[in-house]
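The values are calculated or read from the model by the stated rules, or taken from the named source; none is laboratory data. It should be emphasised that the depicted structure is a prediction, and the values quoted were computed from it without experimental measurement. With ideal geometry, Cβ positions are generated from the backbone for all residues, glycine too; neighbour counts draw on all protein chains shown. Side chains included, ligands, DNA and RNA excluded: accessible areas come from the protein's heavy atoms. Shrake-Rupley method; radii C 1.70, N 1.55, O 1.52, S 1.80 Å.
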Amino acid sequence: MKKTILFFLFICFIACKNDPNKQLPEVLEGESLVLNYAKGFSVIDYGTYKILEIKNPWPKAEKTYRFALVQEEMLPKITLNSDEFEGIITIPIKKLVVTSTTHIPSLELLNVEQTLVGFPGIDYISSKKTRNRIENGLVRELGKNEGINTEVLLELKPDVVVGFGIDGNNRTFETIKKSGIPVIFNGDWVEESPLAKAEWVKFFGVLFNKEKEADAVFNTIEQNYLEAKKLAKNTKNQPTILSGAMHNDIWYLPNGTSTEAQLLKDANANYLWNDSKGTGSLSLNFETVYSKAKDADIWLSPSNYTSKEALKNGNSHHAMFEAFQNNTIYSSISTTGKSGGILYFELGSTRPDLILKDLIKICHPELLKNHDLYFFKPLE
Amino acid sequence: MPNSKTYNLSFLVLFLILMLCFLTNISLGSVYIPLKDVFNSLIGSSTEQETWQHIIQNYRLPKALTAILVGSGLGISGLLMQTLFRNPLAGPFVLGISSGASLGVALVILGSSVFGGVFMTFLISKWSIVIAASLGSFLVLLAVLMVSLKVRDTMAILIIGLMFASITAAIVSVLSYFGSAQQLQQYIFWGFGSLGNLSWDELMIFFIIYCLGLIISLTSVKSLNTMLLGENYAKSLGLNIKRSRFVIIIATSLLAGTITAFTGPIAFIGLAIPHLTRQVFNTSNHKILLPAVFLFGAIVMLICDSIAQVPNSDYTLPINAITSLVGAPVVIWLLVRKRKMVF
């Protein structure tokens, strides 16, 4: 009897166990794009088409946006239910419009900058490659991001518009969508770490069938970043850092969970507000900042002040800090392109390795002797 | 009507409250400084920590003095406007002084995007903003005054003032549309208002212009009282209406214009302090009202600033929001309690 029960249990066990072979075809069906840091998007490649999901285009977004990216040659052979997707896009993209300067470096790193046909506020673009194209009349001005000139955009007939939004309310994008041009929201700015922001180069890689190139580009950036981080970690000296500046009574500075603070941590510097948490920047009282950071070794990114004189004119209290007296203030907004766009804003999120190297050079001058400051300059 | 002896007592009480608010304002802040060190710092002795001395002498003290100048100055300019236009809704905000100042500041900060090179060379410094705000407010008020010479109906003048404010707001909108993110940020920060942004040098210049406005206001007490009786009656008493109007406008634009220029637009005070004072003092005599508005304005502003600094917290709130949030309910409560407006 016992044997019969044991045999019965054995049969049950065998019967209940999942057959791995049965699930295999599903796994093989779609191959997910490997993302190590970015959380805001995902891509599954089904060979003839890809599904792109944008999960977090703005903080607390409630909806996931799904796009079907169909290979050009497969277009006549595939039928997809358009109700399931925000848009069905033919890849590789031939013509596109992006809306943030942070998107430009990805296009250039993938050598597809010639696909850019329009941009809102082209004066903000600093990169030489794209500026040349602008000067040759190959990139059209589209006005402002909040009010893109729809007529010009429709005339350009881009395959896709890569937008960004601080929330879901942008009427211009709605109009563009209605006219049949898909709008994909890029959420690189919502990512919480410098490398996650940089990993969005893979998002552009997918649009252009250049996943391998994007992978290589990102791997180099990641490797450079991690090597620099390791180098900085070995030094014992941790300079204290003050950031931001006063506007009227309020001192605005990045919080401890911001990417700016993470970069400083990775540069082995002691950012004085490392412990603060929250979204958005901190708005502190002068008294608090002064009593904590009067003797700070280095003052980074003093808002939009471009000289010590302007900083003092903006508020006389700025001159009371040691860093002001010791000339250890560094700003990234003086490094601009031909038409005044700030390079740090454009290239910074794609190249965190360069920012990190700058910060290491500033905080630990004995390291990275061959590195010249790329974004930051001492305030004069 | 209470006799003058009662008023003297009220003034004494108000003055003592003002002193108390002043000292409280200086001793409260984000950084805890023991009272002993606050006093030591005020009399120039050394404090336990060097930073405390700078905070008291160069931040809290000028800020408290600015609060007194702003509160009293805006209150007085509101009183002058209300009497001049014989309208309880009149005040520097309603008649376009603030919108004029906003236009001036917008032209300097945002104008470079629209007008290009010419404005770019005009450095955006604190002084250019002060000058632009003063000019803007003076010009808009002058325009309202010119119209008021033609139009007799005071309500019409008020509406014209509002229309001027709308026009300037529209121009500011156009300038904002073309402004860059940084310029917009700078302009919005100006709009929040700020009391703690003045150095001693700036405060000195502010004080001189303020005194000029205050003295002109004091010399106008007689004509203000006569105006309350109506223009025809005032004329029959031998008052030169045109001259008096002009003098009062100058005093107002000096006071409100300079305050807006140095500290940004501060809401509520100009309109409400005169009403608060009239409710408490129950008189329309400017000899009593003017000093009373001075004291009330200064006290309310010091209280608002103390609240805005959020004692013992790292944060600070925009003063412009606090003045309305704290002050408006007080006026509503007084009006409901007394069931009528004293005017």
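Things to note:
- Screening B:Gly44 with (1) at positive phi; (2) assigned to a helix (DSSP H, G or I) gives one miss only, at (2).
- Of the candidates B:Ser313, B:Ser324, the single residue that is surrounded by fewer than 23 Cβ atoms within 10 Å (Cβ to Cβ) and within 14 Å of chain A (Cβ to nearest Cβ) is B:Ser313.
- Hits in region B:1-50 (condition: within 15 Å of B:Leu289 (Cα to Cα) and open to solvent by less than 60 Å² (accessible area, probe 1.4 Å)): B:Pro2, B:Tyr7, B:Ser10, B:Phe11, B:Leu14
- For region B:162-203, the tally of residues that are over 30 Å from B:Leu69 (Cα atoms) and either facing chain A (nearest Cβ under 7 Å) or open to solvent by less than 60 Å² (accessible area, probe 1.4 Å) (or both) stands at 6.
- Taking the criterion of being among the aliphatic types (A, V, I, L, M) and at the interface with chain A (Cβ under 10 Å from one of its Cβ atoms), the only residue of region B:40-55 that qualifies is B:Ile55.
Residues checked against (1) assigned to a helix (DSSP H, G or I); (2) within 19 Å of A:Thr101 (Cβ to Cβ); (3) among the hydroxyl-bearing types (Ser, Thr, Tyr):
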residue: A:Gly137; (1), (2), (3): no, no, no
residue: A:Glu151; (1), (2), (3): yes, no, no
residue: A:Leu154; (1), (2), (3): yes, no, no
residue: A:Pro158; (1), (2), (3): no, yes, no
residue: A:Val161; (1), (2), (3): no, yes, no
residue: A:Gly165; (1), (2), (3): no, yes, no
residue: A:Gly168; (1), (2), (3): no, no, no
residue: A:Glu174; (1), (2), (3): yes, no, no
residue: A:Lys177; (1), (2), (3): yes, no, no
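- Of all residues making up region A:120-137, the number that are among the small types (Gly, Ala, Ser) and exposed (fewer than 15 other Cβ atoms within 10 Å of the Cβ): 1
- Residue, farthest from A:Leu195 (Cα to Cα), within region A:331-352, restricted to residues that are more than 14 Å from chain B (Cβ to nearest Cβ) and open to solvent by 40 Å² or more (accessible area, probe 1.4 Å): A:Lys338
- Check on B:Phe246, away from every other protein chain (no Cβ under 14 Å), more than 19 Å from the chain's Cα centre (by Cα), among the aromatic types (Phe, Trp, Tyr) and open to solvent by less than 20 Å² (accessible area, probe 1.4 Å): no
- Qualifying residue in region B:5-14 (condition: within 14 Å of another protein chain (Cβ to nearest Cβ) and modelled with pLDDT of 85 or more): no
- Among residues of region A:43-70, those that are open to solvent by 20 Å² or more (accessible area, probe 1.4 Å) and part of a strand (DSSP E or B), counted: 6
- Output for region B:281-298, where each listed residue is within 30 Å of B:Phe192 (Cβ to Cβ) and open to solvent by 10 Å² or more (accessible area, probe 1.4 Å): B:Phe294, B:Leu295, B:Phe296
- Of the residues making up region A:318-366, those that are under 23 Å from A:Asn224 (Cβ atoms) and of a type in the set (D, E, K, R) are A:Glu346, A:Arg351, A:Asp353, A:Lys357, A:Asp358, A:Lys361, A:Glu366.
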